[in-house]
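Enquirer: What follows is a single structure, and I will ask about it in a moment.
The values are calculated or read from the model by the stated rules, or taken from the named source; none is laboratory data. All values derive from a computational prediction rather than experimental measurement. Because the Cβ atoms are built from the backbone with ideal geometry, glycine has one as well, and the counts that use them run over all protein chains shown. Ligands, DNA and RNA are stripped out before the accessible areas are found, and what is left, the full protein with its side chains, is counted by its heavy atoms. Shrake-Rupley method; radii C 1.70, N 1.55, O 1.52, S 1.80 Å.
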Amino acid sequence: MNVHRLLLPLAFSALSLCAFAKAKQQANLTLFVGTYTQNSSSKGIYVYNFNQETGAFKLRSTAQAGNPSFVAVSPNGKRLYAVSEFNDGKQGAYSFDYDAKTGKLTNPIFASTKAGDQQNDPKNLPGSDPCNLFTDGQCLITANYSGGDISVFKLDKQGRLQQTAQQTRFQGRDAESVSHIHCGIRTPDGKHFLVTDLGNDRIYRFDLNPQATEVLTQHAVAYEAKRGEGPRHITFGKDGKHLYLINELGGTCVVLRYNNGKLIEEQQLMADEGGGKGSADIHVSPDGKFLYTSHRLKKDGIAIFSINPSTGLLTKVGYQETGIHPRNFAITPNGKYLLVACRDDNTIQIFKRNARTGLLTDTGKCINMGKPVCLILRKY
């Protein structure tokens, strides 16, 4: 009997099993969900397995937190951060240790988004209603909507949260305006940090120095929108040269060319189809070919745009209606699924995405929970 002939099928079987295990591992993602806990059945933060090939999902763990409406993950995947969106003195941010093997969030640390002697100010409390956060693993920055400010936290060597290190408040551009800071992101070149101010219709630019005592310096207005547009969320295209802005109140999507800290408007077109003045989130597909924006309050849905690969300009190609009050949404790394947090339907809707056309199809699958708001997908 030829021993080699017997061993060969076994070897192929072993290789097939390894390939299958690898493919299964690549298909599995971790879905982190931030929610509102006030007037809600939600416990706080939820952690799911999500299969980006089949759309299947399974709850792994939950962590208690107060109104953790927006969450972010550290670059190394070992820490989860969340805002605590309040405006009554309880506002702040959390850090959790995250164990990818068990899916559990542990060792919560809370720090207030109020800073220094301002914390006793009875009017327009500093740090009020933190609604967005950014981390690079060295610092954590929260955008505080009602406070009209941003809070910067230093992180220790393990990425755990320390007390507020820096706070910057913004004044109204005139007597009729009140600052409402909504989000902040780092520029692709790593030099700057951009912040949207919905109340002042502006995008601010800071120099970003994560290791310095003052993390954010050299504050300047980088872009000024038309009055009443309400800049909300921003994201960069894959080329790193175009910044895309969704205006909450105006419902418009704006294309801005980015060059060494400068922003130049190149295009503006209507995204919202219902006139609800509730535009919310914005993301580019993993392949860089399509842009998506979410819209609430009237004709709730997702607007879909194709991106010109040469110019970065947009063409509207569709509008997918969703459940009630879509807030943030997330696209799987393979581009196959788009998940939408429909806050007032208490569900996360799962859509299949056509990679060629960018259009969405409702799968009928939903993840049910109280008031989902923010979705983060990671390969852990």
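Enquirer: Can you pull the accessible area of GLU53 for me, 1.4 Å probe, Å² to the nearest 10?
Expert: Near enough 90 Å² of accessible area.
Enquirer: With charges set only on the Cβ (+1 for Lys and Arg, -1 for Asp and Glu), what does the dipole of region 187-289 come to about its Cα centre, in debye to the nearest 20?
Expert: Around 160 debye, computed over region 187-289.
Enquirer: Just the ratio, please: alpha-carbon radius of gyration of the chain over 2.2 N^0.38 Å, N its number of residues.
Expert: Computed over Cα atoms of the chain, the ratio equals 1.03.
Enquirer: Given a 1.4 angstrom probe, I'd like the percentage of the accessible area of the chain that is carbon and sulfur, rounded to a whole number.
Expert: The computed percentage sits at 49.
Enquirer: On a straight-distance basis, which lysines could pair with LYS316 in a cross-link, Cα separation under 23 angstrom, same-chain partners fewer than 8 positions away excluded?
Expert: Leaving aside lysines fewer than 8 places away in the same chain, those within reach of LYS316 are LYS226, LYS238, LYS241, LYS277, LYS289, LYS298, LYS299, LYS336, LYS352.
Enquirer: Please compute one quarter of the surface area of the Cα convex hull for region 198-291 and express it in square nanometres.
Expert: Average of the hull's projected areas for region 198-291 equals 7.0 nm².
Enquirer: Could you provide, to the nearest whole Å², the per residue accessible area of the chain with probe 1.4 Å?
Expert: Counting only protein heavy atoms, the per-residue value for the chain is 44 Å².
Enquirer: Still on this structure, I have one more. Which value in deg cm²/dmol, rounded to the nearest 500, describes the helix-derived mean residue ellipticity at 222 nm for the chain, given -39,500 (n - 2.57) per DSSP H run of n ≥ 4 and division by the residue count?
Expert: -2500 deg cm²/dmol
Enquirer: Along region 159-172, what does the Karplus equation 6.51 cos²θ - 1.76 cosθ + 1.60 (θ = phi - 60°) give for ³J(HN,Hα), rounded to whole Hz, x for Gly and Pro?
Expert: Coupling constants for region 159-172: x, 7, 6, 10, 6, 4, 9, 7, 9, 10, 9, 10, 8, x Hz.
Enquirer: Please arrange THR62, THR347, THR361 by accessible surface area, largest first, computed with a 1.4 Å probe and ligands excluded.
Expert: THR361, THR62, THR347
Enquirer: Also, I was wondering about something else. Would you please give the FRET efficiency between GLU224 and ASP136, computed as 1/(1 + (r/R0)^6) with r the Cβ-Cβ distance and R0 = 30 Å, to the nearest 0.05?
Expert: Approximately 0.65, to the nearest 0.05.
Enquirer: Can I ask one more? Using DSSP loop states and a limit of at most 10 other Cβ atoms within 10 Å to flag trypsin sites (Lys or Arg not before Pro), what is the longest stretch of the chain containing no flagged site?
Expert: Between exposed loop sites, the widest span is 158-355.
Enquirer: Right, here's the next one. Please give the charge dipole size of the chain, origin at the Cα centre, charges +1 on K and R Cβ atoms and -1 on D and E Cβ atoms. Round to the nearest 20 debye.
Expert: 1420 debye
Enquirer: Hey, another quick one. Please compute, for the alpha-carbon atoms of region 29-107, the extent along each of the three principal axes and give them in descending order in Å.
Expert: 43, 27, 16
Enquirer: At 1.4 Å probe size, put SER41, SER294 in order of accessible surface, largest to smallest.
Expert: SER41, SER294
Enquirer: Using the basic label-point model (7 angstrom from Cα toward the beta carbon), what is the ASN259 to ASN87 distance in nanometres?
Expert: Taking the two extended label points, one gets 4.0 nm.
Enquirer: Can you give the net charge of the other residues whose Cβ lies under 15 Å from the Cβ of THR361, counting K and R as +1 and D and E as -1?
Expert: Counting the neighbours of THR361, the net charge comes to +3.
Enquirer: Another question about this same structure. Whole-Å semi-axes of region 151-191's equivalent ellipsoid, largest first, each the root of 5 times a Cα gyration tensor eigenvalue?
Expert: 28, 16, 8
Enquirer: Which whole-number percent is the relative contact order of the chain (Cα, under 8 Å, 6+ apart)?
Expert: It comes to 11 percent, rounded to a whole number.
Enquirer: Can you check what the net charge comes to around SER84, using other residues whose Cβ is under 13 Å from the Cβ of SER84 (Lys, Arg +1; Asp, Glu -1)?
Expert: Result for the neighbourhood of SER84: -1.
Enquirer: Right, something else. Angle between the Cα long axis of helix 3-27 and the longest principal axis of the chain, 0 to 90 degrees, nearest 10?
Expert: Approximately 20 degrees, to the nearest 10.
Enquirer: Additional query: With each pseudo-label sitting 7 Å past Cα toward Cβ, what's the GLU176-LEU269 distance in nm, one decimal?
Expert: About 3.0 nm, to one decimal.
Enquirer: A further question follows. Cut-off 10 angstrom, C-alpha nodes, Gaussian network model of the chain. Which of THR142, THR106, THR252 fluctuates the most?
Expert: Taking springs between Cα atoms under 10 Å, the residue moving most is THR106.
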